[in-house]
1. Quick one: residue 180 ticks every box in (1) in a helix (DSSP H, G or I); (2) within 12 Å of the ligand (Cβ to nearest atom) bar one, so which box is it?
2. Check 468, 414, 396 and return the single one that is among the aliphatic types (A, V, I, L, M) and part of a helix (DSSP H, G or I).
3. Within region 79-99, how many residues turn out to be in contact with a helix residue (DSSP H, G or I) (Cβ under 8 Å, 6 or more places away or on another chain) and farther than 15 Å from residue 5 by Cα?
4. Mind checking which residues of region 286-329 are within 24 Å of residue 226 (Cβ to Cβ) and part of a helix (DSSP H, G or I)?
5. Taking region 131-169 only, how many residues are touching a strand residue (DSSP E or B) at 6+ places or on another chain (Cβ under 8 Å) and aliphatic (A, V, I, L, M)?
6. State which residue is surrounded by the most Cβ atoms within 10 Å (Cβ to Cβ) when the search covers only region 259-274 and only residues that are outside any strand (DSSP E or B) and either β-branched (Val, Ile, Thr) or near the ligand (Cβ under 6 Å from one of its atoms) (or both).
7. Looking only at region 10-60, which residues are loosely packed, with under 14 Cβ neighbours inside 10 Å and more than 24 Å from residue 402 (Cα to Cα)?
8. When region 210-238 is examined, which residues are found to be of a type outside the set (A, V, I, L, M, F, W, C), more than 13 Å from the ligand (Cβ to nearest atom) and either within 14 Å of residue 200 (Cα to Cα) or in a helix (DSSP H, G or I) (or both)?
Amino acid sequence: MSFDYKVADLGLAEAGRHQLRLAEHEMPGLMAIREEYAAAQPLKGARIAGSLHMTVQTAVLIETLTALGAEVRWASCNIYSTQDEAAAAVVVGPHGSADDLQGVPVFAWKGETLPEYWWCTDQILTWPGGEGPNMILDDGGDATMLVHKGLEWEKAGQVPATTEDDSEEFGVFKELVRQTMAVDPQKWTTVAAGIKGVTEETTTGVHRLYQLAETGELLFPAINVNDAVTKSKFDNTYGCRHSLIDGLNRATDVLIGGKVAVVAGYGDVGKGCAESLRGQGARVIVTEIDPICALQAAMEGFQVARLEDVVDSADIFITTTGCYDVITADHMTKMKNKAIVANIGHFDNEIDMAGLARVPGIQKTEIKPQVHEWTFEGGSSIIVLSEGRLMNLGNATGHPSFVMSNSFSNQTIAQIELFTKTGEYDKQVYTLPKHLDEKVARLHLDALGVKLTELTKGQAEYLGVDVAGPYKPEHYRY
Ligand code: NAI
């Protein structure tokens, strides 16, 4: 079999396959879902355009979707997050070879340029034979944005010269849309009409979806996977607790114990980051804008301060806010010599990299890929990871399999839900029902040797719940 794809090196497929095999063992939720739905093939007929970090764990997700009957095309949602061996293994497929590709078209490699990134995203929405995708699986909302902006500008007859976002990055996106419209002036009308729904992985993407729904611009139903409890309270927190430190170590190998680390934002991601830095013996300072999260941080024993007041004394700075301009160029000029600056939030605008590049006399030295030293005129320097893009995937390999099994079980269930029950959903953003959240958790208990206590009928009646769950009301916050 042959199909179009673009990855770094198919020769890495065997190495990737070994990693996938081990990952499958650590992803009991996804493997149980494969087994449960193998006969029913609920995703038969689904053509899924996937835009999510092309890692080993994502490879197991992709092969779960295809095992359930889906056809899939895949791109990464970040220029640095692809694991090239995983991408190669997915293209070759479990039973294929470099001469006989039996896998899935992947368009992703580590170190894409921005024009390449948007080209890859366009490829997942461009299916051979004229039929477009009918589902999107998104992480951060870029594939969804391409369809929405593409349709908006196609209707207007042109890509507007000036837009609210005048960044270079958005300019690259606009150029891609311009090119697609030149090739096929009806492209986005056709693609948008074919899509039944999107399932969104992360806080930032979900935020974009709610904005679209509020203004009535959302073109199709969406499931917010992020706010499944078994996603955001696990992946965002325990995942980052693992992969933040992994990224710091692989990038710099500095001893973290005894250092002063600032974590900007104490939401789900910030909580995991602060805990992991404290676990290494760092003295952690948190910055927050939300009084509730600030109080939580204080109760956990973290100092809560303003960045301005600690910027010249800390050694490590991590942004986790999903906000923009959290660390400005001015902040960076005031940092200690060799301070480390990194972002683990979804987009790179948390750290003002463009502003840093404009500091008079500044010099950038590549220490190794995704690790750069920025030297100021006076000779002092800071180390910036992954050019300000999410460092746990740029400098390391993202979250480990077990936690991603929870996230991706939710993704798979959400895809089945939207694809098979399209008519039941409006153009709004939905979360998965609690019994499915509990199911995802349940699928991961055995592997950890967890023995759950069972309610008696009487106890269940006393609590006003069913013996089989759900156990908590919707408003419960975990
Ligand atoms: P969240 O909303 O739970 O937490 C963000 C926190 O930052 C909030 O408490 C908010 O009050 C605070 N904040 C906002 N602006 C701030 C500012 N200017 N200064 C200080 N604090 C500020 O969101 P969550 O789930 O923690 O996600 C954060 C980001 O991380 C998002 O962009 C999300 O998409 C991304 N993410 C990245 C992952 C990764 O593997 N790298 C995994 C999961 C999420």
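Nothing in this text is a laboratory measurement; each read-out follows from the coordinates by a stated rule. Everything numeric here is computed off the predicted structure, so don't read it as measured data. A quick note on method: Cβ atoms are made from the backbone with ideal geometry, for glycine too, and the neighbour counts reach across all protein chains shown.
1. Tallying (1) in a helix (DSSP H, G or I); (2) within 12 Å of the ligand (Cβ to nearest atom), residue 180 fails exactly one: (2).
2. Numbers: 468 fails: part of a helix (DSSP H, G or I); 396 fails: part of a helix (DSSP H, G or I).
Unique residue meeting the criteria: 414.
3. 5
4. Passing the criteria: 291, 292, 293, 294, 295, 296, 297.
5. Here is the first cut: in region 131-169, the ones touching a strand residue (DSSP E or B) at 6+ places or on another chain (Cβ under 8 Å) are 131-144, 147.
The next check asks that each one be aliphatic (A, V, I, L, M); those that pass are 135-137, 143, 147.
Final tally of qualifying residues: 5.
6. First pass over region 259-274, keeping only residues outside any strand (DSSP E or B): 259, 265-274.
Going one step further and asking which of them are either β-branched (Val, Ile, Thr) or near the ligand (Cβ under 6 Å from one of its atoms) (or both), we end up with 265-270.
Details: 265: 27, 266: 27, 267: 19, 268: 23, 269: 30, 270: 28.
The residue in question is 269.
7. Selection gives 11, 39, 40, 41, 44, 45.
8. Step one: of region 210-238, the residues of a type outside the set (A, V, I, L, M, F, W, C) are 210-211, 214-217, 221, 224, 226-227, 230-233, 235-238.
Next cut, more than 13 Å from the ligand (Cβ to nearest atom) only: 211, 214-217, 221, 230.
Hits for region 210-238 are 211, 214, 221, 230.
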